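The values are calculated or read from the model by the stated rules, or taken from the named source; none is laboratory data. The structure displayed is predicted, hence computed values, not measured ones. In this analysis, Cβ positions are derived from the backbone assuming ideal geometry, glycine residues included, and neighbour counts consider all displayed protein chains. To get the accessible areas, we keep the full protein, side chains included, count just its heavy atoms, and leave off ligands, DNA and RNA. Shrake-Rupley method; radii C 1.70, N 1.55, O 1.52, S 1.80 Å.
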Amino acid sequence: MLGSGGREHALAWKLAQSRFIAEEGGTLYACPGNPGIDEYAELVEFDVGDHAAVGDFCAANGVDFVVVGPEQPLVDGLADTLREQGIAVFGPSKAAAQLEGSKGFTKDLCDRAGIPTAGYVRTTSLDDANAALDRFAPPYVLKADGLAAGKGVVIADSRGEAEAALAEMFGGAFGPESLGAGAEVVIEEFMEGEEASYFAITDGATIVPFGGAQDHKRVGDGDTGPNTGGMGAYSPAPILSAQVRGEAIQRIIGPTVRAMADAGTPYVGVLYAGLMLTSEGPKLVEYNCRFGDPECQVLMMRLESDLGEYLYACATNSLSSLPPPKFSDDTALTVVMAANGYPATPAKGGVIKGIEIAEATGAKVFHAGTARRGGKLVANSGRVLDVTAMGRGVAEAQRRAYAAVDAIEFPSGFCRRDIGWRELARRNA
Ligand code: AMP
Ligand code: GLY
């Protein structure tokens, strides 16, 4: 397994329970892993950006199956290199990972396949982009093409703000030097609604729904302040009703997987659909070619089936041979503990204590960005811990998660105190 965050800690925890590892003598390696993953996997260190080095490690250690956590290696084509070597990979090819890697690619695919999403214009010139604003009403949604670590999207309330943002995008702030995104911009219609994350795994032909969650992207309580990678999540998200989930598969994910297969670039792995739940039904905001983080943590808490079997079946074109995976009906809720200053300037090095006490309450603490220094556990990244609990509904899961949060000593960190608020507000309405 490749990766080092809370998502990968949750995946490693479940993979270690897989019959492949727990019963059949398999070994789970993680590169680079983290201090939490260390409990479940043998940590190894090589440069994941060097695809030949990954292949060499697999060959030298008899690795026959690779699970890729983050998107960057997939967008760079790591899965292609490993497959050429005969290694099974959970994760899409470079061509299929464009669903995350290129917003323009995905918008064009949606357009051709009639998939519900925001109307859009793609453009590579500042003049055309400014002219295209005439075709939209505020707020303006402007996206730099390519991976931009969540920083490539600007929502501008006025025409002036939109023009300034476009000038900056074409001027290089999101350009090749800084974030690796190309000088193409997508301008989109603004969609009104609540957002939710929906997941499906696929071997390129068979599609298996794999749960839904609601993330909390803003740094502050009540969804205020700057965007982050995600400050907490819960699953299931009741707002993803059976009707919405059905529509998401029928009208969005199904046509996408078919279009990728028809193009000769079948999508293998997890397809994470960021959905906007509008008055006209679910519409696609974006695709990611990986599990969400922290959504993965709550999905893994609820998953009762053997994760390894499902991921391996995706990688070996045999998903149709498995029964539907089982998930607990209970709610899992995770609270992200972040380092002070996150997302702009997180303070690294702060000491963390009390994880054992937190876990004694029945919660599970995933390491998102920690390191061991001189016998101490310290913060090593913006998002540091994912404190996760189960309960018979959002309220109980939330109470348990915060009880565990309060057992952790992390004076140089903070968390939101309202994870799950949308659902609780609906309940109380
Ligand atoms: P993306 O990176 O495409 O997921 O965009 C980041 C965030 O911007 C999303 O999670 C939404 O909150 C918001 N967003 C993106 N596209 C739209 C849209 N067309 N309408 C409304 N909000 C959007
Ligand atoms: N939590 C949002 C993401 O993983 O992109």
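Out of Ala132, Ala118, report the one residue that is in contact with a helix residue (DSSP H, G or I) (Cβ under 9 Å, 6 or more places away or on another chain) and not hydroxyl-bearing (Ser, Thr, Tyr).
Going through Ala132, Ala118 in turn, just one is in contact with a helix residue (DSSP H, G or I) (Cβ under 9 Å, 6 or more places away or on another chain) and not hydroxyl-bearing (Ser, Thr, Tyr): Ala118.
Does Tyr272 satisfy the criteria of being touching a helix residue (DSSP H, G or I) at 6+ places or on another chain (Cβ under 9 Å) and within 16 Å of ligand 2 (Cβ to nearest atom)?
Yes, satisfied.
Has the range 261-271 got any residue that is open to solvent by 10 Å² or more (accessible area, probe 1.4 Å), within 16 Å of ligand 1 (Cβ to nearest atom) and either modelled with pLDDT under 95 or on the phi < 0 side of the Ramachandran plot (or both)?
Checked against the condition, which is being open to solvent by 10 Å² or more (accessible area, probe 1.4 Å), within 16 Å of ligand 1 (Cβ to nearest atom) and either modelled with pLDDT under 95 or on the phi < 0 side of the Ramachandran plot (or both), the range 261-271 yields no hits at all.
Quick check: anything in the range 114-136 in a loop (DSSP other than H, G, I, E, B) and within 27 Å of Asn317 (Cα to Cα)?
Yes, the range 114-136 contains a residue that is in a loop (DSSP other than H, G, I, E, B) and within 27 Å of Asn317 (Cα to Cα).
Hey, among the residues in the range 284-313 that are over 28 Å from Asp108 (Cβ atoms) and outside any helix (DSSP H, G or I), which one's nearest to ligand 2 (Cβ to nearest atom)?
Only one residue fits best here, namely Pro294.
What do you reckon, is Ala162 open to solvent by 20 Å² or more (accessible area, probe 1.4 Å), touching a residue at least 24 places away in the same chain (Cβ under 8 Å), out of contact with any Ser or Thr (no Cβ under 7 Å at 6 or more places or on another chain) and within 16 Å of ligand 1 (Cβ to nearest atom)?
no
With (1) farther than 28 Å from Tyr40 by Cα; (2) open to solvent by 20 Å² or more (accessible area, probe 1.4 Å) as the list, and Lys376 as the residue in question, which single condition is left unmet?
(1)
Looking at Ile207, Ile201, Ile252, can you tell me which residue is closer than 22 Å to Gly152 by Cβ, within 19 Å of the chain's Cα centre (by Cα) and more than 12 Å from ligand 2 (Cβ to nearest atom)?
Testing whether each residue is closer than 22 Å to Gly152 by Cβ, within 19 Å of the chain's Cα centre (by Cα) and more than 12 Å from ligand 2 (Cβ to nearest atom) leaves just Ile252.
Search the range 93-113 for residues being within 16 Å of ligand 2 (Cβ to nearest atom) and either in contact with a strand residue (DSSP E or B) (Cβ under 7 Å, 6 or more places away or on another chain) or β-branched (Val, Ile, Thr) (or both), and hand back the single one that is farthest from Asn317 (Cα to Cα).
By that ranking, first place goes to Lys103.
Does at least one position in the range 132-149 carry a residue that is at positive phi and without any contact (Cβ under 8 Å) to a residue 40 or more places away in the chain?
Yes, that holds for at least one residue.
So, of the residues in the range 208-247 that are part of a helix (DSSP H, G or I) and not hydrophobic (A, V, I, L, M, F, W, C), which turns out to be surrounded by the fewest Cβ atoms within 10 Å (Cβ to Cβ)?
Gln243
A quick yes/no check of all residues on (1) within 21 Å of the chain's Cα centre (by Cα); (2) without any contact (Cβ under 8 Å) to a residue 60 or more places away in the chain:
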position: Asp330; (1), (2): no, no
position: Met337; (1), (2): yes, no
position: Ile357; (1), (2): no, yes
position: Lys376; (1), (2): no, yes
position: Asp386; (1), (2): yes, no
